[in-house]
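Accompanying notes for the structure given below.
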């Protein structure tokens, strides 16, 4: 995933959530509130594992704060910062 | 009910069959059945006739509520026999009158404890019953207990069912409309082959068996042939106390995994009792149910839709609370990474075909006759957003999960309107009064930090 832009990462996180992890409606967007959309601890861990598989970066759960879990966009921002720092 | 078969049957889920093995064991050895309960403590104004009419209408619209459970021709996977439901009685609703308490909240009715120890009949479609205790004819409020066999609903399903009854009562949705009771969305797509499922099931069993290298000992001791005599206590924290506990759980275990904070506290509470007894617990092995419903949707109401994550901890870890939480977090991630949630689904699927006694035997074999150290459940907010039920305000509400006489102890934790409820279910005689006091003191001290 070297060279991945934040926008691409946001789209990837959004697609995993929409297609594999959440039973979200058609109005689910990268800016939708994830907890309101049904995100729970299992879905987050599965998402982090999927991200680790594709990027090699494991996001420590101490970073999974309400702010970072606000939306697919904010979550992707967290992962992007981790990628940049790794 | 699109998942119902052409012959008017609906198969039990693998998790249902897994629980059915313990239902059978309890019937055979303890004279009861695997009954779960949901309790609502209500204010005045409960509409009894409206509730009776709605339950009856629901049972007519959804035959699963009174469908006998049996294997086809005595063989094959067990099913709900929907076509036979019309010949079965309606879910029973009993009204009991009691005097208003002189002051404060009345103690929980003894009758509710008794219901946990009275068998319901799978063959007669007796899957659900209600008991309503009215104080001063209802003027001083009421307590409602829904008792059901833990394969009609799981905990999440039972909450959804009561919410659905209330929404129908309010005219907010039609009676016939319920989420499809069909299979939970597959954990992986495409569906794995039989061989892959077999390997997954063996991986789950192997994971469980490995914990037997240092087997647990429950407070009740291994498998007991003794009459089931469960009762429970409910400790409700104040709003201020609850705020402290919730904040501590988030801070010490993480925003999304507060259940591990509560599990660590439950482990230490049990450990305090073992220490007081001067008995070596071996290790602590505890299963944590994982809700498999798709996240964000309404999800299934009927049947059991869970897998299990097993945790193991050791007595030498009990002095370091934060170290214990960190280890539980690592175990959880490792289990999910290894695919054990999906493996558990496949392992329990094989319970559809295996004899019940074989499955119960397998579950206990590797842990020296124990199922686990104790049962634990954290169900988060209880009926969030539902302020009233059939005209009466909901003062409080909580789950009472079933626990076989061995391990004989179960702690369930939930939140209702910013107040934490700790429901401790235990088999009579497993903990002395002094040990119960030790258990609750340790638990409270850990939760409040």
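Numerical summary
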quantity: Among the candidates A:79, A:59, A:13, residue that is in contact (Cβ under 8 Å) with a residue 12 or more places away in the chain, more than 10 Å from chain B (Cβ to nearest Cβ), outside any helix (DSSP H, G or I) and buried (at least 18 other Cβ atoms within 10 Å of the Cβ); calculated: A:59
quantity: Per-region count, the range B:255-284, residues touching a residue at least 24 places away in the same chain (Cβ under 8 Å) and either within 14 Å of chain A (Cβ to nearest Cβ) or under 22 Å from the mean Cα position of the chain (by Cα) (or both); calculated: 15
quantity: Members of the range A:25-39 that are more than 7 Å from every other protein chain (Cβ to nearest Cβ) and closer than 30 Å to residue B:327 by Cβ; calculated: A:34, A:35
quantity: Filter result for residue B:376 (more than 14 Å from chain A (Cβ to nearest Cβ), over 26 Å from residue B:222 (Cα atoms) and buried (at least 20 other Cβ atoms within 10 Å of the Cβ)); calculated: no
quantity: Flag if residue A:54 is more than 10 Å from chain B (Cβ to nearest Cβ), more than 12 Å from the chain's Cα centre (by Cα) and either closer than 21 Å to residue B:328 by Cα or part of a helix (DSSP H, G or I) (or both); calculated: yes
quantity: Residue within the range B:34-45 that is farther than 23 Å from residue B:137 by Cα and surrounded by fewer than 21 Cβ atoms within 10 Å (Cβ to Cβ) present; calculated: no
quantity: Subset tally (residues that are crowded, with 21+ Cβ neighbours inside 10 Å and in a helix (DSSP H, G or I)) for the range A:29-44; calculated: 2
quantity: Filter result (closer than 26 Å to residue B:329 by Cα and free of Cβ contacts under 8 Å to residues at least 12 places away in the same chain) within the range A:19-44; calculated: A:36, A:40, A:41, A:42
quantity: Qualifying residue in the range B:340-359 (condition: surrounded by fewer than 16 Cβ atoms within 10 Å (Cβ to Cβ) and either at pLDDT 90 or above or within 10 Å of chain A (Cβ to nearest Cβ) (or both)); calculated: no
quantity: One residue from A:49, A:42 being within 22 Å of residue B:341 (Cα to Cα), at the interface with another protein chain (Cβ under 8 Å from one of its Cβ atoms) and in contact with a strand residue (DSSP E or B) (Cβ under 8 Å, 6 or more places away or on another chain); calculated: A:42
quantity: Residue B:252, sole failed condition from (1) surrounded by fewer than 21 Cβ atoms within 10 Å (Cβ to Cβ); (2) within 14 Å of chain A (Cβ to nearest Cβ); (3) more than 19 Å from residue B:318 (Cα to Cα); (4) in contact with a helix residue (DSSP H, G or I) (Cβ under 8 Å, 6 or more places away or on another chain); calculated: (3)
quantity: Of the criteria (1) within 14 Å of chain B (Cβ to nearest Cβ); (2) surrounded by fewer than 19 Cβ atoms within 10 Å (Cβ to Cβ); (3) under 24 Å from residue B:299 (Cβ atoms), which one residue A:22 fails; calculated: (2)
quantity: Identity of the residue in the range B:290-304, more than 9 Å from every other protein chain (Cβ to nearest Cβ) and within 19 Å of residue B:61 (Cβ to Cβ), that ends up surrounded by the fewest Cβ atoms within 10 Å (Cβ to Cβ); calculated: B:303
quantity: The range B:316-327, residues that are in a helix (DSSP H, G or I), more than 12 Å from every other protein chain (Cβ to nearest Cβ) and either surrounded by 16 or more Cβ atoms within 10 Å (Cβ to Cβ) or modelled with pLDDT under 95 (or both); calculated: B:317, B:321, B:324, B:327
quantity: Residue match in the range B:183-191 (condition: exposed (fewer than 15 other Cβ atoms within 10 Å of the Cβ), within 20 Å of the chain's Cα centre (by Cα) and either modelled with pLDDT of 90 or more or part of a loop (DSSP other than H, G, I, E, B) (or both)); calculated: yes
quantity: The range B:110-139: number of residues that are surrounded by 17 or more Cβ atoms within 10 Å (Cβ to Cβ) and at negative phi; calculated: 18
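The values are calculated or read from the model by the stated rules, or taken from the named source; none is laboratory data. All values derive from a computational prediction rather than experimental measurement. All Cβ positions, glycine included, derive from the backbone under ideal geometry; neighbour counts span all protein chains shown.
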